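Below is one structure, written out as structure tokens, with a few remarks after it.
Please treat every number below as a calculation from the coordinates, not as lab data. Please read these numbers as outputs of a predicted model, since none were measured by experiment.
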Amino acid sequence: MARSLGVLVDHQARRSQLPQDRREAVVRRPVLAMALQYGAGGEEVVTSLAKELALDVFDREIVRQIAESTHRSERVVSTLDHNVRRWTADWLESLASHDFLSSSEYRHQLAEVVGAIARHGGAIILGHGAHLVLGEGEALRVLLIAPLGARVAAVMRAEGLGERMARRRVVEVEAARQAALAHRFHVDLDDPTRFDLVVNTARLGVPGSVAAIRAAVEHRLAASSH
């Protein structure tokens, strides 16, 4: 997928140089920028949604493409992407090894990759702050949530942890994600006004969540055709 994503980025860069009328003549398929609360069962929803709507899913491939484009290691890019707490130590280490990637350069590369995916269409982009990179006309921006108790119970089942450790795991993962987005975009990850649709997976379940998102996708497609 990393190689195919690189081809996609190159293709979209060339396409952006075409006259406006030729760019608009390309039929766009749905694009979803999705953020998932840890333990909310979002992976199952994404898998089902991608299958039903025949969409490609991009997540880790984005990190690989940024690393390839900037000639940096995936570890350095992943640190900027996920965990700002480790950033200072890794920044010093990467600077000494000439593997340094500035936050501003990372944001630029992220915008390039996410933008190329969105212009191509037919994709679900998971995390990476894609809902902040893309405007409301470029993607359906979805947040999947669930009450803390439901997320803790899900992590207990999935990772074989006790209640205390599972709760700690959920809190730590969410705190790291919040800090990373706050550092990069100066926003709150869970600010509902940043999304077009917020879905409670604990209330709707996987089938209901998929149906709600699919209905929103269909509504946007119908509205854009008028």
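Once backbone amide H atoms are built at 1.01 Å from N, Asn200 has Ile145 as its partners under 5 Å, excluding neighbours fewer than 5 places away on the same chain.
Backbone amide hydrogens, once placed in the peptide plane, bring Val57 within less than 5 Å of Ile124, excluding anything fewer than 5 places away on its chain.
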